[in-house]
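Derivation of every value follows stated rules applied to the coordinates shown; laboratory data play no part. Not measured: the values here are computed from a predicted model. Here the Cβ is made from the backbone with ideal geometry for all residues, glycine too, and neighbour counts use every protein chain on show.
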Amino acid sequence: MRKYLVTGLLIWIPLVITLWVLNLIVATMDQSLQLLPAQLHPRSWFGHDIPGLGALLSIAVVVLTGIAARNIIGERLLLYWEGLLGRIPIVRSIYSSVKQVSDTILSPSGQAFRQALLVQYPRSGVWTIGFLTGAPADEVRRHIDVDMISVYVPTTPNPTSGFFLMMPRSETVELNMSVDQALKYVVSMGVVAPLDRGAPVPRPPGARPRSDIEPVVPPVAPPLNRRT
């Protein structure tokens, strides 16, 4: 009974959490309909709300904004808008910080996490997963003669919070795994370990060895006892 309960939970928990997250995202994006006049709301036309319509509207606005920002007129308007926000004292600091982070993470040419690393943290002898984010600033490198790198060490199971460290490159180990695999490894608290491509694939119990991998050794018959 217990194993059936655990199996059912393993099937339903990821499904329920996925549906809950999707519902939260769609419900949040549906709030964009509040920006429209009351006459244009679905309730005014159909007598009830249409779930997901605001999400489609939000996606359309984002795509159209990206298309408009790609031409010359859109680029000039964007520069003018950023210059206008840069003149507002409080908004300037918030907008510039968020823009730098978003450009680093979402830009196709940017590399937020470049490499999965193995680093010793929080003390020597204790290892954890970190991500290479770049090199320290010039002001920092002027005071340090060692080849340093910038490393982000995420927390478990929420990788959006973590610690920013500047470590000697010689004290880190580059891992032969992708950033996505390393993130899954961190989020799962070490349960979902990435497969090592260099390791042999385990065979199920009782499976016969393949001739192209392992030679099949025929059984040797025991010697016959001859009477003299």
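Are there trypsin sites (Lys or Arg not before Pro) in the range 137-193 that DSSP puts in a loop and that have at most 13 other Cβ atoms within 10 Å, and which ones? Before the final figure, lay out the partial values.
Details: sites: R141, R142, R169, K184; in loops: R142.
Sparse-neighbourhood loop trypsin sites (Lys or Arg not before Pro): R142.
How big is D for the range 108-172, in µm² s⁻¹ as a whole number, if Stokes-Einstein is applied with the Kirkwood radius of its Cα pairs at 37 °C and 0.692 mPa s?
Values: Rh = 12.5 Å.
The Stokes-Einstein estimate is 263 µm²/s.
Enumerate the calculated ³J(HN,Hα) couplings along the range 45-58 in order (Karplus 6.51 cos²θ - 1.76 cosθ + 1.60, θ = phi - 60°), each rounded to whole Hz, writing x wherever the residue is Gly or Pro.
Coupling constants for the range 45-58: 8, 10, x, 7, 7, 10, x, x, 5, x, 5, 5, 5, 5 Hz.
May I ask you to evaluate 6.51 cos²θ - 1.76 cosθ + 1.60, the Karplus curve with θ = phi - 60°, for each residue of the range 8-24 and list the ³J(HN,Hα) values in order in whole Hz, giving x for glycine and proline?
Working through the residues one at a time gives x, 5, 5, 7, 7, 4, x, 5, 5, 5, 4, 5, 5, 5, 4, 5, 5 Hz.
Once the convex hull of the C-alpha atoms of the range 8-57 is built, how many Å³ does it hold per residue, rounded to a whole number? Spell out each step's value before the answer.
Details: hull volume 3.5 nm³, N = 50.
About 71 Å³ per residue, rounded to a whole number.
Compute log10 of I(q)/I(0) for the range 1-96 with the Debye formula, placing one identical point scatterer on every Cα and leaving out solvent, at q = 0.15, 0.18, 0.25 Å⁻¹, to two decimals.
-0.87, -0.98, -1.13
From the residues P51, P89, V62, which one has its Cα farthest along the dipole of the range 1-147 in the positive direction, the dipole being from +1 and -1 charges on Cβ of Lys/Arg and Asp/Glu about the Cα centre?
With unit charges placed on the Cβ atoms, the residue in question is P51.
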